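Have a look at the structure below before the remarks.
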Amino acid sequence: MFPTFERIKDLAKKQGLSINSLEEKLGYSRNTLYSLKKQKASAERLQEIADYFDVSLDYLLGRTDNPNVADDNIGYTREDLREMAVNAKTFDGKPLTDEDVEAITNIIEIYLKGR
């Protein structure tokens, strides 16, 4: 069995969708996604599904456990950068505000893109 179907099933479940309702949303015929239990899908179809869930194709294929899509080949996802900012502290040790976290995330992203 290919891990792709299980990943799709889990992603759909997290959004409160059944496989059949997901097939309808994507415009696929019935049992199209169930067929992924035993056979591979085309690259175009897999990319459509990955785009729908906003996950990487590698995640969908089971090559990584990180579902995030990398931004502009900087090696970090936007969520990674945000996590870095959240873990930072202000000078006096107080937690950052949401605005501070967003500003720091943007600064880190700009810096990494410029390297």
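Quick look at the values:
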| quantity | calculated |
| --- | --- |
| Identity of the residue in the stretch 72-104, closer than 30 Å to residue 46 by Cβ and assigned to a loop (DSSP other than H, G, I, E, B), that ends up modelled with the highest pLDDT | 77 |
| Selection from the stretch 1-44 of residues that are surrounded by 11 or more Cβ atoms within 10 Å (Cβ to Cβ), of a type in the set (Lys, Arg) and more than 22 Å from residue 65 (Cβ to Cβ) | 25 |
| Meets criteria (over 30 Å from residue 13 (Cβ atoms) and at pLDDT 75 or above) for residue 107 | yes |
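The values are calculated or read from the model by the stated rules, or taken from the named source; none is laboratory data. Predicted model only: the values in this text are computed from it and were never measured. A quick note on method: Cβ atoms are made from the backbone with ideal geometry, for glycine too, and the neighbour counts reach across all protein chains shown.
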